[in-house]
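Q: Starting off with a structure, shown below.
The values are calculated or read from the model by the stated rules, or taken from the named source; none is laboratory data. These numbers were taken from a predicted model, which means no experiment stands behind them. Using ideal geometry, Cβ is built from the backbone for each residue, glycine included, and neighbour counts are taken over all protein chains shown.
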Amino acid sequence: MTGLIGIYRPGTTLLHRLPAGPKLGLVALWSVVVVGTKGWRAGLICLGVALVIAAWARLDARRTLRSLRGLLIMLAIVSAFQVWQRGWEIAVSVSGDLLALFLIGLVFTTTTPVDGVLTAIERGLRPLRPLGVQPERVALAFSLMLAALPNLIGIAGETRAAAKARGLERDPRALLTPFAIRAVSHALETGDALHARGLGDG
Amino acid sequence: MIEFRDATVVVDTPDGALTVLEPTSLTLTEQRIGIIGANGSGKSTLARMINGLVEPTSGHVLVDGRDVAEDGPEVRRRVGFVFTQPDSQLVMPTVVEDIVLSLRRVEKDKKARKARALEVLDTIGLADKADVTVHALSGGQKQLLALAGVLATEPDVVVADEPTTLLDLRNTIAVADRLFSMRQQLVFVSHDLGLMDRCERVLVVDAARVVFDGDPDEAVEHYRGLVRS
């Protein structure tokens, strides 16, 4: 799951050099186009374009496949259901659209340092400051959301292992209760750490 | 200079008010100050008050004359804090980006920020891991990175709350060496009594009060006596 977000890999392509703000705008535009176009042909074209862009960004094929493994399994199940219920055209259209969206998301995060994204968010939200929006805090929340996923997955893995060690892997309480407690505890510790670093003091 | 003036912390619990720190008055001017004590004795509370993470319910804590309760943001610019668990402190995906995050409030130029972050990473031997995800680092490397994130903003004081508790011997030595070689004033909370001889002054905290304050050897002996009694 964390792989779906991707991690910045320095590079020299035009996509790497493009500022985060315009790139974020293009991703939004791409999403509208993909969702707005209908039909299996459009789905395949969008996927083809996304693959070309991914190759242009020099995304490592093996790493990309590993990142998308979970999504591909889910799409296989969804597609099988779609073929059965609504026909292969819909299945191709939905799968093509979803893959095209995820691939471009991956291209964005792989070619854009988080610092650049935060600066773009801050800059983009600055006009809303008179309305009470604090751009720095929104940007910080965005980065925390990115950081929280691998941490939560790590906590879930440790909780599952601990339950298994006690022979309680089938007991939802042994999984969910410690997970919830540790997730909240982690959130509180992160809050303290941010506070200590003066982030959010304004 | 760090001053505690009758600083007290009382928290509400379902069983009533609980005093976490009895009225405490201290003036800390030494460069290397150790704090030892049992779990739950109040030593972390004492340390957290220096950064304003815990505010006194009565009395005052001042850093260079600034009250942490009234001037928190300015105090936090001067006082860095290193936690036991670095995973909570590292909030960005890659090593260099976490240092860059610390620098956002002191350096506005993006390129200068990145250059400075790489310099900082070089000082802790992690320059070659700049673009690696923070989750791929070892425990010791994570703690060094957390410390680097604090030092990047050049605070005057660093408070380290059991920074070596989760580390093996090699990483404990690496982190302790880095902490004790800084120019900054250091307040070092630890269960590692062997590191206390690197301090000039050691406080022993027990049952929410400072019960000994002085020479490291005598402080460790006093603490051992408390544990045995």
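Q: Can you tell me which residue within the stretch B:158-173, out of those that are closer than 15 Å to A:ALA196 by Cβ and away from chain A (no Cβ under 12 Å), is surrounded by the most Cβ atoms within 10 Å (Cβ to Cβ)?
A: Per the criteria, the residue is B:PRO163.
Q: Can B:GLY34 be described as at pLDDT 85 or above, within 14 Å of chain A (Cβ to nearest Cβ), buried (at least 22 other Cβ atoms within 10 Å of the Cβ) and at negative phi?
A: Here the answer is no, as B:GLY34 does not meet what is asked.
Q: On the basis of being among the hydrophobic types (A, V, I, L, M, F, W, C), touching a residue at least 40 places away in the same chain (Cβ under 8 Å) and buried (at least 18 other Cβ atoms within 10 Å of the Cβ), does A:ILE104 make the cut?
A: Answer is yes for this residue.
Q: For the stretch A:1-87, please list each of the helices (runs of 4 or more DSSP H) lying entirely inside it that holds at least 3 residues being farther than 30 Å from A:GLY157 by Cα and free of Cβ contacts under 8 Å to residues at least 12 places away in the same chain.
A: Counting at least 3 such residues, we get A:20-36, A:40-56, A:61-86.
Q: Filter the stretch B:99-114 for residues that are buried (at least 24 other Cβ atoms within 10 Å of the Cβ) and either small (Gly, Ala, Ser) or more than 9 Å from every other protein chain (Cβ to nearest Cβ) (or both) and give the result.
A: Answer for the stretch B:99-114, where residues must be buried (at least 24 other Cβ atoms within 10 Å of the Cβ) and either small (Gly, Ala, Ser) or more than 9 Å from every other protein chain (Cβ to nearest Cβ) (or both): B:ILE99, B:SER102.
Q: With the condition kept exactly as written, say whether any residue in the stretch A:111-122 is surrounded by 15 or more Cβ atoms within 10 Å (Cβ to Cβ) and away from chain B (no Cβ under 14 Å).
A: no
Q: Would you say A:SER143 is small (Gly, Ala, Ser) and closer than 30 Å to A:LEU29 by Cα?
A: Criteria met by A:SER143.
Q: Take the stretch B:49-77 and flag every residue that is more than 8 Å from every other protein chain (Cβ to nearest Cβ), crowded, with 21+ Cβ neighbours inside 10 Å and not in a loop (DSSP other than H, G, I, E, B).
A: If the condition is that a residue be more than 8 Å from every other protein chain (Cβ to nearest Cβ), crowded, with 21+ Cβ neighbours inside 10 Å and not in a loop (DSSP other than H, G, I, E, B), then B:MET49, B:ILE50, B:VAL61, B:VAL63, B:VAL75 are the ones that fit.
Q: Go through the stretch B:172-229 and count every residue that is assigned to a loop (DSSP other than H, G, I, E, B), among the small types (Gly, Ala, Ser) and more than 18 Å from B:SER44 (Cα to Cα).
A: 2
Q: If you scan the stretch A:167-195, which residues turn out to be more than 26 Å from A:ILE7 (Cα to Cα) and assigned to a helix (DSSP H, G or I)?
A: A:PRO172, A:ARG173, A:ALA174, A:LEU175, A:LEU176, A:THR177, A:PRO178, A:ALA180, A:ILE181, listed by residue number.
Q: Right, another one. How many residues, within the stretch A:136-166, are within 12 Å of another protein chain (Cβ to nearest Cβ) and either within 21 Å of the chain's Cα centre (by Cα) or outside any helix (DSSP H, G or I) (or both)?
A: 19
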